[in-house]
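Below: the structure, in structure tokens.
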């Protein structure tokens with residue numbers, strides 16, 4: 001049986017010390033460290049990781065969404081949003097993840113209040129487009145985002161296509177639009 005080791009990324013201790021009363025979890029897998037925070041604490045933890053001199057995560061390289069529907073292991077929520085942070089000063093990478101559990105049916109038509117988190121665009125302006133992509137593909141909305149609108153589908157698209165319950169062949173979107181080719185005017 002493999003021995004259980006305690007995650008030892010330097011940011012874990014910093015965040016635990018700065019937020020002693022917050023629910024935080026830490027994991028390491030194949031050399032990659034992930035800090036799991038509650039949705040309401042996400043922005044404060046991200047701000048701390050950017051501004052604290054001992055952390056100094058000056059770059060957020062990506063923001064991704066994950067749908068854990070039918071995942072073989074028990075997960076704390078159906079959706080996750082993950083921020084990929086880099087500190088060049090300390091030569092560290094850290095993933096910060098939060099889980100969201102929908103409170104309404106996830107057909108993509110309703111504005112679910114449980115799928116809201118605060119935007120990190122005020123911390124890293126480069127988060128603007130990746131957060132828009134997570135919104136468009138998964139339906140997670142980012143409070144205080146400067147321009148939260150669809151980025152890969154059209155504005156009236158009726159759902160969020162990277163959700164695992166979205167039909168592989170779509171819901172008839174292709175049939176609703178006329179085909180445009182070189183001879184069309």
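Derivation of every value follows stated rules applied to the coordinates shown; laboratory data play no part. Since the model is a prediction, treat every value here as computed from it, not as a measurement. In this analysis, Cβ positions are derived from the backbone assuming ideal geometry, glycine residues included, and neighbour counts consider all displayed protein chains.
Can you tell me the FRET efficiency between residue 111 and residue 152 if r is taken as the Cβ-Cβ distance and R0 is 25 Å, rounded to the nearest 0.05? Can you show the working numbers first?
Details: r = 19 Å, r/R0 = 0.76.
It comes to 0.85.
The C-alpha atoms of the chain define a longest principal axis, and helix 128-138 lies at about 60 degrees to it. Fewest neighbouring Cβ atoms within 10 Å first, the residues 137, 75 line up as 75, 137. In the elastic network of the chain, a GNM with C-alpha springs shorter than 10 Å, the most mobile of 46, 123, 69 is 69. Taking the C-alpha atoms only, the angle from helix 42-51 to the longest principal axis of the chain is near 60 degrees.
Taking other C-beta atoms within 10 Å as the exposure proxy, 119, 103, 184 rank 184, 103, 119 from fewest upward. Each of 178, 132 was scored by other Cβ atoms within 10 Å of its Cβ. Listed from fewest to most, they are 178, 132.
Quickly estimate the mean residue ellipticity at 222 nm for the chain, helices only: each DSSP H run with n ≥ 4 gives -39500 (n - 2.57), and the total goes over all residues, rounded to 500.
On the way: 3 runs with 30 residues, N = 185.
Rounded to the nearest 500, it is -5000 deg cm²/dmol.
Given the chain, what percent of its DSSP beta bridges are antiparallel, to the nearest 5?
On the way: 23 of 30 bridges.
Of all bridge pairs located within the chain, approximately 75 percent are antiparallel.
How long are the semi-axes of the ellipsoid equivalent to the range 46-107, from square roots of 5 times the Cα gyration tensor eigenvalues, in whole Å, largest first? Don't jump to the answer; show the numbers that get you there.
On the way: eigenvalues 173, 25, 17 Å².
Working from the Cα gyration tensor, I get semi-axes of 29, 11, 9 Å.
Extension gain, residue 25 to residue 88: 0.36 nm times the residue separation minus the Cα-Cα distance gives 20.3 nm.
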